[in-house]
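One structure below.
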Amino acid sequence: MPEKIMIIEDDPIIRTELETLLKGNGFLPCVVTDFERTVRQVKEEDPRLILLDIKLPGKSGFSLCSEIRSFSDVPVIFVTSSDTDMDELNSIMIGGDAFITKPYNTAILLAKIRSLLKRAWPGRQSEGLSWHGAILHPEDGTLEYGDRKVELTKNEQKILYYLFTHAGAICSRADIIDYLWDSRLYVDDNALSVNINRIREKLAGIGLTDFIRTKHRQGYLI
Amino acid sequence: MTNLLCMVALCGFLLLGGNTPDTVVFILIIWILILCIGLFISYFSAKRRSDRLLGMAEELEERYLIPEVLEKPKRAEDQMYWQMLKMAERSMLEQVENGRRERNEYREYIEQWIHEIKTPITAIRLLCDNNRSDLTREIMGEVEKITQYTEQTLYYARSENTQNDYLIREIRLLDVIHDAVADNKYLLMQNQVVLELPREEIYICSDEKWLRFILDQLIVNAVKYRSEKPMIRFLTEDMGEYVTLSVQDNGIGIEAADLLRVFEKGFTGQNGRNVLHSTGLGLYLCRKLCDKLGIRIRIESAVREPSKEQRSGTKVTLTFYLNHLIHQVQD
């Protein structure tokens, strides 16, 4: 069940792209287009988290936030291009949970969303990802196949996580490296090859061979 | 002069009236005596007055306001000068005020413009992130540079401002380093920079955004003045009384003669002449922001010499004093 995230943002391109980004990362985005009835929409949709711009047509993000706070404790992330510390202070005072300035790094934004969701709605276990009988458990960093389990390092976990979430599609090396950097793992091209080889050895150890296939000049495929 | 003329006239009159020369001489001596006493008194009082005025001017912090503290003189001639001083002061104050207003308006315009430009930059970043390919990665590298330059402009506009616009909070040092790396992700990836990050969990009290900007500048410098196989090492150390954060690279280094001046505004030095796009602003802004935040910034560097086996590189160390907040309150 994907978590619903509401986007309150007046720039149409940023709005649609945020929607795409959140959808692509396993969330369920919903957008506000009629800024006259934002608060009512928040009540109706009851999102798990709100991304809120400060400069909006009609009411400002600050007054919207205080109105939302009067009936809900939903986490609010302020996303704005005005980055004076006065604004940041204001956002904290009226109950904003985080303050991110444009132009934001999407990896940082997503990390913030995930950590706030985890804090606000604890106890939600992410279930393992499975593909062709292999099950990846991201929470304890193991891979299960048949009745055998193998421990993974942080790099290996993240590489496998990316491959599992893109199962059936070819993942280019550049995309994987990109993803690893976004996960704060600064791996270069050579290190990626080393890691892939190590993963293959580990998988072979639990009887899983030819799980990761190399597509020449394209990337990897599971 | 008037006195002399009067004396000559009186002498003539008295001699013609049949007085003896002795009487005339006596009268003249008395006259000169009284005249001298009078002159002395007026000299001393004038000197005392001018000393007082000069002293007042010395004490005044804004000397151009002197006409304000001067009392209106009694003599007609002095009054004219006084009037003229007043007029000069008024027109000068108008000029200064105009200049100040124009500068403020310009600064506000720059800040406004930067806020506006951030919306399209954000849109480009999102578009690229949602459609990752080799092309969008190239674009992102360029967008990173645009972001960097706009941030630099914003902080430059702000650094001229006397009011301090920061928010001191407890921050996790490692998070700021990760965020600064993320800011320069494509620059670092394209140049295949090897990164080394600390493992310690250290918390400090500072302004997160300013610190991130400072680290951004240091990372960009490390890449700009890189050598073969570039490497950036971040080191943190908790010394109890203070915490240090060092950014160390294995780049081309800075000549000793230039090292003392790198924090000066507009200074580019030997490296600036060899590498294009040196603005001479990055380190200047770092220093300025560090001063405002009470952070000590220090730079060490070594240049490789052909004769020696010495490794080149630059290390910038930031020192956060745990009690620096107290000093700031006093400021």
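The values are calculated or read from the model by the stated rules, or taken from the named source; none is laboratory data. Just so it is clear, the model here is predicted, and its values are computed rather than measured. Using ideal geometry, Cβ is built from the backbone for each residue, glycine included, and neighbour counts are taken over all protein chains shown.
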Here is a list: A:ILE113, A:ILE50, A:ILE77. Which entry is in contact with a Gly (Cβ under 8 Å, 6 or more places away or on another chain) and modelled with pLDDT of 90 or more? A:ILE77
Of residues in segment A:164-180 being out of contact with any Leu (no Cβ under 8 Å at 6 or more places or on another chain) and part of a helix (DSSP H, G or I), the one surrounded by the fewest Cβ atoms within 10 Å (Cβ to Cβ): A:ALA174
Report yes if some residue within segment B:246-259 is free of Cβ contacts under 8 Å to residues at least 24 places away in the same chain and in a loop (DSSP other than H, G, I, E, B); otherwise report no. no
Answer yes or no as to whether B:LYS229 is of a type in the set (Lys, Arg) and either within 14 Å of another protein chain (Cβ to nearest Cβ) or in contact with an Asp or Glu (Cβ under 6 Å, 6 or more places away or on another chain) (or both). yes
Those residues of segment A:102-118 which are touching a residue at least 40 places away in the same chain (Cβ under 8 Å) and more than 13 Å from chain B (Cβ to nearest Cβ), in sequence order: A:ILE113, A:LEU116, A:LEU117
Among strands (runs of 3 or more DSSP E) entirely within segment A:1-101, at least 3 residues that are more than 14 Å from chain B (Cβ to nearest Cβ) and in contact with a Cys (Cβ under 8 Å, 6 or more places away or on another chain) occur in A:3-8
Quick one: A:ARG200 ticks every box in (1) within 14 Å of chain B (Cβ to nearest Cβ); (2) in a helix (DSSP H, G or I) except a single one, so which number is it? (1)
For segment B:202-232, enumerate the residues that are touching a strand residue (DSSP E or B) at 6+ places or on another chain (Cβ under 7 Å) and among the acidic types (Asp, Glu). B:GLU208
Return the residues of segment B:195-214 that are within 23 Å of the chain's Cα centre (by Cα) and within 14 Å of chain A (Cβ to nearest Cβ); say none if nothing qualifies. B:SER206, B:ASP207, B:GLU208, B:LYS209, B:TRP210, B:LEU211, B:ARG212, B:PHE213
Which ones in segment B:237-285 are more than 22 Å from B:ALA302 (Cβ to Cβ) and in contact with a helix residue (DSSP H, G or I) (Cβ under 8 Å, 6 or more places away or on another chain)? B:VAL243, B:LYS265, B:GLY266, B:HIS277, B:THR279, B:LEU281, B:LEU285
Just need a number here: residues in segment B:79-111 that are closer than 30 Å to A:ARG15 by Cα and loosely packed, with under 11 Cβ neighbours inside 10 Å. 0
